[in-house]
């Protein structure tokens, strides 16, 4: 068994992150029945469902059964959370949701991403896990808050014993966004301020925190480098999740070549940002409770 770290930061939070045979695994000692994995390019097989490959790596004997019972999100960049209960989980699947809270065993949540983070939530003493696709559009739509609200209802508890994982996402030193009003471009900073009601006075997104989330571009004042994972951290802490209950992956899609990045793939394909966007490969997270 080979364990590799792609970056030197120390691990923090409750999850233990390892890279083993092309699969990022996340172990939670307080919930040994929780299975979480994030696929890498090493496991990619053209024409094969990456979720199937990841589940086979997680549990080769039961991968087929798990795949049949899985619930999947789309890439809608919204905040629609669906709660799945009991043995009739498959009858409760909604098309096009952004995340799930699952209270049924052996029912994997499958979320494809290429630069956006996924927020995974699990609670000590419960048999419940939930996850949501949470790129900057989802953050502005309230995806993190909606996941927390659904989970709080599902487990009837506050967040002191929560366990939260933020999966790999785009490198905050490379993920460039627009921060001013420019015709034909999206002012991402403006969207954040509007959606999260940021006025510079809030302790959640103070000027210093805004400057940390939107890192100044060295040459272009209309651009910044976005750290959406840091923004999610601020939102979680403001909701009452203790900082030591949050694990942020050490891996970054635009930095670590083992992971797929939509930005880098589109650049390689020569996409001009105006024509229809070509398809690209994605990483996949699978999470379930046995």
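FYI, it's all coordinate maths here, none of it is from the lab. Keep in mind it's a predicted model, so treat the numbers as computed, not measured. Note that each Cβ is placed from the backbone with ideal geometry, even for glycine, and that neighbours are counted across all protein chains shown.
Observations, loosely collected:
- Sites residue 220 and residue 49 - FRET efficiency at Förster radius 35 Å, r taken between beta-carbons, to 0.05: 0.30
- Cα long-axis angle, helix 228-238 against the chain (0 to 90 degrees, to the nearest 10): 70
- Sorting 280, 121, 234 by the number of Cβ atoms found within 10 Å of their own Cβ, with the fewest placed first, yields 280, 234, 121.
- Sites residue 65 and residue 156, calculated FRET efficiency, Cβ-Cβ separation with R0 22 Å, nearest 0.05: 0.15
- Taking the C-alpha atoms only, the angle from helix 143-155 to the longest principal axis of the chain is near 30 degrees.
- Exposure proxy for 45, 188, 228: other Cβ atoms within 10 Å of each Cβ, ordered fewest to most, give 45, 188, 228.
- DSSP beta bridges in the chain [antiparallel fraction, %, rounded to 5]: 75
- Packing-based ranking, highest mean first, of 67-73, 144-150 given that Cβ atoms within 10 Å are counted: 144-150, 67-73
- Length-normalised contact order for segment 144-277 - Cα pairs under 8 Å, 6+ apart - percent: 34
- Its relative contact order, with pairs defined as Cα atoms under 8 Å and 6+ residues apart, puts the chain at 24 percent.
- Distance in nm between pseudo-label sites at residue 206 and residue 16 (7 Å out along the Cβ direction from Cα): 3.6
- For the chain: span of alpha carbons on each principal axis (Å, largest first): 53, 43, 38
- Considering only 80, 244, 106, the Gaussian network model of the chain with Cα springs below 10 Å gives its largest mean-square fluctuation to 244.
- CD proxy at 222 nm, helix term only [per DSSP H run n ≥ 4: -39500 (n - 2.57); per residue of the chain; nearest 500]: -6500 deg cm²/dmol
- Whether segment 157-290 is rounded, prolate or oblate, judged on the alpha carbon gyration tensor where a/c under 1.5 counts as rounded: oblate
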